[in-house]
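Enquirer: Input: one structure, supplied below.
The values are calculated or read from the model by the stated rules, or taken from the named source; none is laboratory data. Note that the structure is predicted; figures quoted are calculated from it, not measured. Positions of Cβ are generated from backbone atoms using ideal geometry, with glycine treated the same way; all protein chains shown enter the neighbour counts. What goes into the accessible areas is simple: the full protein's heavy atoms, side chains included, and nothing from ligands, DNA or RNA. Shrake-Rupley method; radii C 1.70, N 1.55, O 1.52, S 1.80 Å.
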Amino acid sequence: MNQSDVKQCSLRLAARGESEACPKDRCAFWERGGAVLEGDCLIERLGVDVRDRELAEYLLEARQRLEQARDLAEAEEAHREFAHRLGRDV
């Protein structure tokens with residue numbers, strides 16, 4: 001797959017005019033696929049018009065906040081598990 005085949009994040013492009021490869025399942029707006037549909041961007045699947053730059057910026061910021069919260073929760077869980085393995089309660 002060459003660089004032109006890589007799907008670009010429509011939010012980042014609309015909000016900031018920057019190119020970013022779609023982070024797929026690392027994105028807070030990514031919907032995992034199943035038996036019927038392949039995984040895809042929730043924003044694109046719903047047909048949200050991100051040509052409105054303010055809306056695109058808002059959604060991009062919401063994505064980043066959701067991802068930070070997920071990363072923090074994962075870090076806290078890893079810390080608890082590590083402490084549990086050491087025999088300490090946190």
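Enquirer: Given (1) in a helix (DSSP H, G or I); (2) under 10 Å from the mean Cα position of the chain (by Cα); (3) surrounded by 14 or more Cβ atoms within 10 Å (Cβ to Cβ), identify the lone condition not met by Ala28.
Expert: Single failed check for Ala28: (1).
Enquirer: Could we say that Gly34 is at pLDDT below 90, under 26 Å from Asp5 (Cα atoms) and outside any helix (DSSP H, G or I) here?
Expert: Values: at pLDDT below 90: yes; under 26 Å from Asp5 (Cα atoms): yes; outside any helix (DSSP H, G or I): yes.
Here the answer is yes, as Gly34 does meet what is asked.
Enquirer: Something else: So which residues in segment 14-47 are touching a residue at least 40 places away in the same chain (Cβ under 8 Å) and either over 19 Å from Gln68 (Cβ atoms) or of a type in the set (S, T, N, Q) (or both), if there are any at all? If you could, list the steps in order and put the result at the bottom.
Expert: As a first pass, look at segment 14-47 and keep what is touching a residue at least 40 places away in the same chain (Cβ under 8 Å): 14-16, 26-28.
Passing the criteria: only Ala14.
Enquirer: Here's something else I'd like to know. Just checking, does segment 57-76 include any residue being assigned to a loop (DSSP other than H, G, I, E, B), open to solvent by 60 Å² or more (accessible area, probe 1.4 Å) and free of Cβ contacts under 8 Å to residues at least 40 places away in the same chain?
Expert: The initial filter retains those residues of segment 57-76 that are assigned to a loop (DSSP other than H, G, I, E, B), namely none.
No, the conditions are met nowhere in segment 57-76.
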